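Okay, structure first, notes after.
The values are calculated or read from the model by the stated rules, or taken from the named source; none is laboratory data. Remember, predicted model here, so these are calculated numbers, not experimental data. Please note: Cβ atoms are built from the backbone with ideal geometry, for glycine as well, and neighbour counts cover all protein chains shown. Just the protein is used for accessible areas: all its heavy atoms, side chains included, with ligands, DNA and RNA removed. Shrake-Rupley method; radii C 1.70, N 1.55, O 1.52, S 1.80 Å.
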Amino acid sequence: MITIRGIGVSPGIACGPLHFHQTEAVRVQRDTVTDPEAEWNRFLLAQEKTIEQLGILAEEARKTSGDEAADLLEGHQLLAEDPDLTDAVEALIREQRLSAEAAVIDAGAAMAEEFDALDDPYLKARAADIRDVSGRIASCLSGNKAAKEPDGPVILAAKDLAPSETVQLNKEKVLGLITEEGSENGHTAILARTFGIPAIINAKGILDPSLEGKEAFMDGGSGSIYIDPDPETKEVLLRKKEETEKQTQLMQSLKGKPAVSKDGQRIRIYCNIGGPEDVPAVLENDGEGIGLFRSEFLYLGREDYPDEETQFQAYRKVLTAMGDREVIIRTMDIGADKQIDYFNLPKEENPALGMRALRICLDRPEIFRTQLRALYRASVYGNLGIMFPMVASVWEVQEVKTRCEQVKQELIAEGIPVSESIRIGIMVETPAAALMSDRLAQLVDFFSVGTNDLTQYTLACDRQNSSLGRFRDTHHPAVLRLLKLITENAHRYGTEVSICGELAADLDLMEFFLSIGIDELSVSPRSVLPLRQKVRDTDVSSCKEKLLDAIMSEQP
Ligand code: PEP
Ligand code: MG
């Protein structure tokens with residue numbers, strides 16, 4: 001048995017013969033051409049043909065593979081007619097006298113390199129789309145044929161697969177996908193997840209000629225590949241395959257269904273994200289909205305503050321991709337465990353109790369104003385909620401609301417449109433905010449309880465300290481009592497309550513969350529469907545009283 005390890009990007013177990021995917025390399029004529037005009041016309045013809053072919057493929061994909069695949073091909077259609085690409089090709093043909101094939105490959109590579117150089121993993125992954133499109137035009141120019149389809153069901157292995165090749169895979173015949181290269185956020189990985197095909201990237205050595213045709217087992221969750229597995233490994237994997245298939249089927253059947261308990265209580269299940277690159281996972285897992293966009297990730301890994309335009313683009317992208325679904329963006333939570341050099345924060349004895357999050361924003365109006373301007377400008381592109389972290393006092397919220405109003409009026413005076421329906425909320429993650437929730441509820445539209453910090457501050461247990469073990473009880477009655485108090489106070493004033501800390505994904509607490517009337521949970525995308533299942537299996541009325549008595553009981 002040979003074991004190869006890569007990165008699992010689409011879960012599931014597949015077994016079958018290993019088939020190597022081969023596409024003919026494009027024949028690129030690199031000698032200078034004598035008739036650039038003729039070469040330019042050849043390019044224009046191939047470009048037109050490619051756009052037409054992509055349109056036909058998109059139409060077919062909409063019927064057979066779903067909207068995501070079709071949208072990708074339509075996106076490629078737009079890329080194929082991109083004026084920057086076209087101009088670059090023309091310049092290379094006319095000025096450097098390159099052949100049309102060489103010009104489109106080189107122009108595509110230069111554009112892709114620009115995306116490759118970006119920090120944002122989502123934009124970075126778009127480089128593959130550009131290479132795919134320029135390769136397709138070049139292939140059309142040199143009259144290449146598509147790769148030969150395998151005869152029967154196989155595990156397909158390739159150096160890399162272009163997104164448009166993944167879209168066109170015959171899903172009856174491809175049991176799993178393995179590539180030597182690729183990226184987790186690339187369209188190939190995204191599509192494999194959408195189609196439910198197990199996939200592994202970065203599997204170095206998978207294309208060793210001696211492995212072609214051999215029996216292979218792959219685990220798209222762990223990223224392991226076993227060639228000619230021994231009987232015991234085979235048995236374990238076959239059992240796992242059966243279990244995961246059952247689970248996957250159950251989860252798929254939940255998509256599009258609401259999270260409603262057996263006795264009719266509704267709770268929304270939203271997702272936590274760190275940036276636009278996480279949105280595909282939200283959509284794949286049918287998240288009803290985004291309950292926490294940790295905007296500080298836009299500030300991390302940089303040399304200087306992200307400017308208004310950079311932030312605006314990121315917020316707009318998420319809002320646009322989510323359509324009507326609500327997107328709650330939290331203003332930056334820098335400080336404590338997220339330190340950034342260019343903020344030049346003074347060294348602190350207790351950073352978790354120091355200059356953090358909203359405190360920085362209120363003390364440094366320019367940084368805050370830039371973020372608020374970007375948020376308000378983006379508000380017209382979707383359904384936006386803005387929330388503020390680390391609130392401890394009523395005056396902080398009053399000051400925040402004044403700053404928001406100032407930014408709004410400033411933009412209106414500049415003639416920039418802003419939405420009139422932005423919801424304003426705060427994170428309740430300090431014991432002070434929890435205890436003042438009756439007053440705070442009158443000032444905002446929603447609360448989002450940050451149980452990671454609320455637990456840390458309530459139990460006086462540093463969330464970074466892994467040695468606290470049993471002293472950090474995530475189900476501590478003090479935290480649960482605060483959750484109940486926060487919800488009661490909020491509901492008295494028609495303010496909604498969400499939980500966006502890790503506790504929200506705790507299946508064992510679902511009955512409690514429903515019992516106290518939590519309106520929304522916001523969790524990592526892959527927790528959405530298991531939580532939805534749990535809600536649908538719960539009968540709130542049968543457990544409510546017992547549960548609440550236990551938490552409020554005075555008995556030690
Ligand atoms: C929390 O404190 O629970 C929370 C969601 O915020 P963060 O983990 O980013 O501090
Ligand atoms: Mg927090």
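A compact table of results
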{"quantity": "Of the criteria (1) among the hydrophobic types (A, V, I, L, M, F, W, C); (2) open to solvent by 30 Å² or more (accessible area, probe 1.4 Å); (3) modelled with pLDDT under 95; (4) more than 14 Å from the chain's Cα centre (by Cα), which one Met355 fails", "calculated": "(3)"}
{"quantity": "Conditions (1) modelled with pLDDT of 95 or more; (2) outside any helix (DSSP H, G or I); (3) open to solvent by 50 Å² or more (accessible area, probe 1.4 Å); number of the one not met by Ile328", "calculated": "(3)"}
{"quantity": "Subset of the range 442-458 [more than 13 Å from ligand 1 (Cβ to nearest atom) and either more than 21 Å from Glu396 (Cα to Cα) or in contact (Cβ under 8 Å) with a residue 60 or more places away in the chain (or both)]", "calculated": "Asp445, Phe446"}
{"quantity": "Those residues of the range 434-458 which are in a helix (DSSP H, G or I) and open to solvent by 60 Å² or more (accessible area, probe 1.4 Å), in sequence order", "calculated": "Leu435, Arg439"}
{"quantity": "Residues (within 16 Å of ligand 2 (Cβ to nearest atom) and assigned to a loop (DSSP other than H, G, I, E, B)) located in the range 391-430", "calculated": "Val391, Ala392, Glu429, Thr430"}
{"quantity": "Qualifying positions in the range 191-209 - in a loop (DSSP other than H, G, I, E, B), open to solvent by less than 50 Å² (accessible area, probe 1.4 Å) and small (Gly, Ala, Ser)", "calculated": "Ala203, Gly205"}
{"quantity": "Check on Cys461, within 14 Å of ligand 1 (Cβ to nearest atom) and either without any contact (Cβ under 8 Å) to a residue 60 or more places away in the chain or not in a helix (DSSP H, G or I) (or both)", "calculated": "yes"}
{"quantity": "Some residue of the range 301-320 being surrounded by 23 or more Cβ atoms within 10 Å (Cβ to Cβ), within 16 Å of ligand 1 (Cβ to nearest atom) and not in a loop (DSSP other than H, G, I, E, B)", "calculated": "no"}
{"quantity": "Counted residues, the range 270-296 - those being touching a Gly at 6+ places or on another chain (Cβ under 7 Å) and crowded, with 19+ Cβ neighbours inside 10 Å", "calculated": "4"}
{"quantity": "Which listed residue is crowded, with 22+ Cβ neighbours inside 10 Å, touching a Pro at 6+ places or on another chain (Cβ under 8 Å) and either touching a residue at least 24 places away in the same chain (Cβ under 8 Å) or assigned by TED's automatic domain parsing to the domain that holds Met436 (or both), from Leu509, Leu482, Leu514", "calculated": "Leu482"}
{"quantity": "Residue satisfying condition, being within 16 Å of ligand 2 (Cβ to nearest atom), among the aromatic types (Phe, Trp, Tyr), within 21 Å of Phe446 (Cβ to Cβ) and open to solvent by less than 70 Å² (accessible area, probe 1.4 Å), within set Phe388, Phe368", "calculated": "Phe388"}
{"quantity": "Some residue of the range 179-190 being open to solvent by 70 Å² or more (accessible area, probe 1.4 Å) and either within 30 Å of Leu514 (Cα to Cα) or free of Cβ contacts under 8 Å to residues at least 40 places away in the same chain (or both)", "calculated": "yes"}
{"quantity": "Test: Glu348 is under 30 Å from Asn465 (Cα atoms), charged (D, E, K, R) and assigned to a helix (DSSP H, G or I)", "calculated": "no"}
{"quantity": "Unmet criterion (only one of (1) surrounded by fewer than 15 Cβ atoms within 10 Å (Cβ to Cβ); (2) under 24 Å from Ile334 (Cα atoms)) for Val397", "calculated": "(1)"}
